[in-house]
Amino acid sequence: MITNLTVINLKANSHANPSEGDVFVLKTCQRTLVMGIGEAPFLHLRNNALREDVITDIFEGQHAYTFLLETICGLRSEVVAEYEVVGQFKDAYQEFSKTPNRNTHVMSILEKLFQDNKKVRTEHLTEIGQLTYAGIARKLIHSAVSDGDVLVLGSGTLAEDLIKLLKKKHTVYISARNSERVMELSKTYGLEAIAWNDQASYVKFPFIVNTIGASDILFNEMFFSQFFAPSFLGTLSQQMKLFIDLGSPSVIETNLTENEGVLRLEDIFRQSAKLNIEKMEKVNKAKISILLLAQKRMTPILSSTPFDWEELQIAYSL
């Protein structure tokens, strides 16, 4: 089933045209994936006139499926086993399913990926899957103060994940360009919406979590000087305000750092690394399960595998 599968892994923020009939394209904050059968992904890139130096890896056949499954399970992410990538896959799949003349073979492979992702996460990644971007952002906010209003910027999957986690202990507000989506989320979760780009209102919040990625700078030094101005907080100190930027590309431009209350994706990645050290045994078992599943997809009629559990454990420990 996956003999002719080809996956090209590009650097983050590499430009590539959206999915089309023979090619599935996934863009995340850490990579751009181009998937298809045979030469289709290479033809897609040539049509985009992409330079070769943006290609980090090329996978084929079983290796391609293994890479995709590790990616959707979050094992290729800086935040190990994060769930956001599943939502990104699903959103990209929905877009691909709407394209004319979509390749049914590619559709079938994606559907198998969703099935196998669920199996791997259920059996091996239940606990560490809680360490998502949203989960780490919540942990950082709770470490600053137990309560306080939070403004979430953006209306995508990550923004919704944040809302679900934060609304249990905080009053959550939302602001985003997509007014229809803002209305939908506000109605579903009982949120109050703030007018898009109303920065005079933004700076009054003690906590802001941005999920918007764009090439434009939305928040500059002037914004942050107002955001951290003591007058907006009364007796609260500047250190009790946080701006967490989860967008890629980043939309902030400031010299302020984590120590001064501005956290970027790389700070979230570092937090994740600390939390995941003791969880690597489960990750290794998940990777072994992925190898077995990829082998099964390669030869679906095979009733047994030439590798046993112990041999695969030895291979992953090398």
Requiring at least 2 residues that are touching a residue at least 60 places away in the same chain (Cβ under 8 Å) and not charged (D, E, K, R), the helices (runs of 4 or more DSSP H) wholly within segment 34-122 are 61-72, 84-97
Counting only helices (runs of 4 or more DSSP H) entirely within segment 133-229, those with at least 2 residues that are farther than 23 Å from GLY74 by Cα and within 23 Å of the chain's Cα centre (by Cα) are 133-144, 179-189
In segment 123-132, anything at pLDDT 80 or above and outside any helix (DSSP H, G or I) is listed as LEU125
Quick count over segment 290-313, residues being farther than 14 Å from ALA81 by Cα and either modelled with pLDDT of 80 or more or of a type in the set (Lys, Arg) (or both), is 8
When every residue in segment 3-32 that is in contact with a His (Cβ under 9 Å, 6 or more places away or on another chain) and more than 30 Å from THR299 (Cα to Cα) is compared, the one modelled with the lowest pLDDT is ALA16
Could you go through segment 60-82 and let me know if any residue there is of a type in the set (Gly, Ala, Ser) and over 23 Å from the mean Cα position of the chain (by Cα).
yes
Exactly one of GLU20, GLU39 is among the charged types (D, E, K, R), over 20 Å from the mean Cα position of the chain (by Cα), closer than 22 Å to LEU113 by Cα and surrounded by fewer than 16 Cβ atoms within 10 Å (Cβ to Cβ), and that residue is GLU39
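The values are calculated or read from the model by the stated rules, or taken from the named source; none is laboratory data. None of these values were measured; they are calculated from a predicted model. Here the Cβ is made from the backbone with ideal geometry for all residues, glycine too, and neighbour counts use every protein chain on show.
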